[in-house]
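We did not get these values from a lab; they are worked out from the coordinates using the rules stated. Quick caveat, the model's predicted, so the values are computed rather than measured. Because the Cβ atoms are built from the backbone with ideal geometry, glycine has one as well, and the counts that use them run over all protein chains shown.
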Amino acid sequence: MKIDADQVRRNGVVGAGGAGFPTYVKVGSQGVDTVIVNAAECEPLLHKDKELLRKFPDDLVGALGDLVEHLGASAGVIGIKYKYHDVIDTLEGKLSGKLSLKRLGDFYPAGDEFILVSEVTSRVIAPGNIPLSVGALVCNVETLLNVRWDRPVTHKYLTVAGAVRRPITLHVPIGVSFGDCIAMAGGYSGEGVYAILEGGAMMGKLVTDPARPVTRTTGGLIVLPQDHELVRQRSRPQIVIDQIGRSACDQCSFCTELCPRYLLGHPIEPHLAMRNLGFHEVGDRMILGTEFCCECNLCTLYSCPEDLDPKNACVQSKGQLRSNQMRWSREAIGSKNWEPHPMEPYRHIPLSKLMRKLGLDRFENVGPLMDVPIPTRSFVLPLRQHIGAEARPIVAVGDRVRVGQVIAEVNAKDLGVPIHASVDGTVQSIDGRITIEGTP
């Protein structure tokens, strides 16, 4: 299939996880020699990418081949964890020519773009750069399938896991609520109030409102009891985080020694950000490298033996750098030959060990892709679902809309994509989001 970047934009294809970078920009790239499919899916309990590869192997391989040809690349590589033997066997029987597969270790964060590019190509992306700077382009599984299917993005695949009665991977219209997704997974398996980590246990955002809608970037929902350690950690007031950090950090530097970006050779040292909590007058010299923190949360949720929050300190330090208009010299970055730390291969954190540390090993670690009836007729589509400008409505309250119809638009120059109706129905309200009452 011939790939048309403008058609990709009109279809509303964005990165199906993370910030949702518009895919039309990626497929218009120049200088790509290696296209990498990110199927690592290293967040605990998530299974969406693996399930999509099981169900649509021909489409995925075809999409990769199309993109390699479109970009004039010399190679296309699927990066997937070695433990998924059945998926690997299926894929390898379909790969030929420029297409191949890379078996990845079962560690976190194998799906980080910088780590993945290093694992696949042995190239280190310089701090503050993107994969294209070393000739690589990375797409995740669902994003690439959306390019292949060449239709408006109206539905989302996501895993619902944790404290639910039936961990599952769903295919739902965009705009369905988190609560409805949890109901489709059999409901909360505990008692009392639950919380949700949207996007994963490590990098996900804490959500306490089950009415929050699924967007184009919702890759998974981890349901947890309100008293779970991961919920408690994310619920701490900032003043408490700072006070404990200042008083308890003994500068052991475990957070730095196990930092994935530090191990790639980047100048990020989370223990210095922790030190900076008590010494703001000399902070700029300490925290310059936090500009390159990827916020994987490994330092906070795994490395620190004292239950402190180095990731939060790094995020605060980034703000301090922006306020002071400080950053690493681009010339200094470009002049250095960045190489991994010699211990990098030996400090990968096994996912099984991480799950035990996080208290997630008691939950069933499966997520089969299943068709389940949608238990609602109301769908809420936010006008901002991805990086770039907010979409502007082009429908009015009372309008009848059809699934796939454009209901909000963004100028291409504003790094955005249109939003489409995810169901047939009637527009009920428009207030920073479009609510449609309809039939899935």
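For the reader, a short list of remarks on this structure follows.
- Taking segment 154-222 and dividing mean pair separation by its residue count, relative contact order in percent (alpha carbons under 8 Å, at least six apart): 39
- Residues whose amide H comes within less than 5 Å of that of Ala389, counting only those at least five positions distant or on another chain, are Gly416 (H built at 1.01 Å from N in the peptide plane).
- Amide H contacts under 5 Å for Gly220, placed H, 5+ residues apart: Thr159, Gly199
- Residues whose amide H comes within less than 5 Å of that of Arg433, counting only those at least five positions distant or on another chain, are Leu383 (H built at 1.01 Å from N in the peptide plane).
- Cys with no candidate disulfide partner in the chain (beta-carbon separation under 4.7 Å rule): Cys42, Cys139, Cys181, Cys249, Cys252, Cys259, Cys294, Cys296, Cys304
- Segment 9-29 and segment 88-165 have their alpha-carbon centroids 14 Å apart.
- Taking θ as phi - 60° and the Karplus parameters 6.51, -1.76 and 1.60, the scalar couplings of segment 12-26 work out to x, 7, 10, x, 7, x, x, 7, x, 5, x, 6, 4, 5, 5 Hz in sequence order, x denoting glycine and proline.
- Inverse mean reciprocal Cα-Cα distance (Kirkwood Rh) of segment 154-222, Å: 11.7
- Counting only Cβ charges, +1 for Lys and Arg and -1 for Asp and Glu, the dipole size of segment 5-149 around its Cα centre is about 120 debye.
- Debye, to nearest 20: dipole size of the chain, +1 on Lys, Arg Cβ, -1 on Asp, Glu Cβ: 280
- Working note: Karplus 6.51/-1.76/1.60 with θ = phi - 60° gives segment 221-235 the couplings 10, 9, 8, 9, x, 4, 9, 5, 4, 5, 6, 4, 4, 7, 9 Hz, where Gly and Pro are set to x.
- From phi via Karplus (6.51, -1.76, 1.60), per-residue ³J(HN,Hα) for segment 75-83 in Hz, x at Gly/Pro: 7, x, 10, 9, x, 9, 5, 4, 6
- Over the chain: Rg over Rh, Cα atoms, Kirkwood Rh: 0.96
- More than 28 angstrom apart: percent of Cα pairs within segment 5-149: 9
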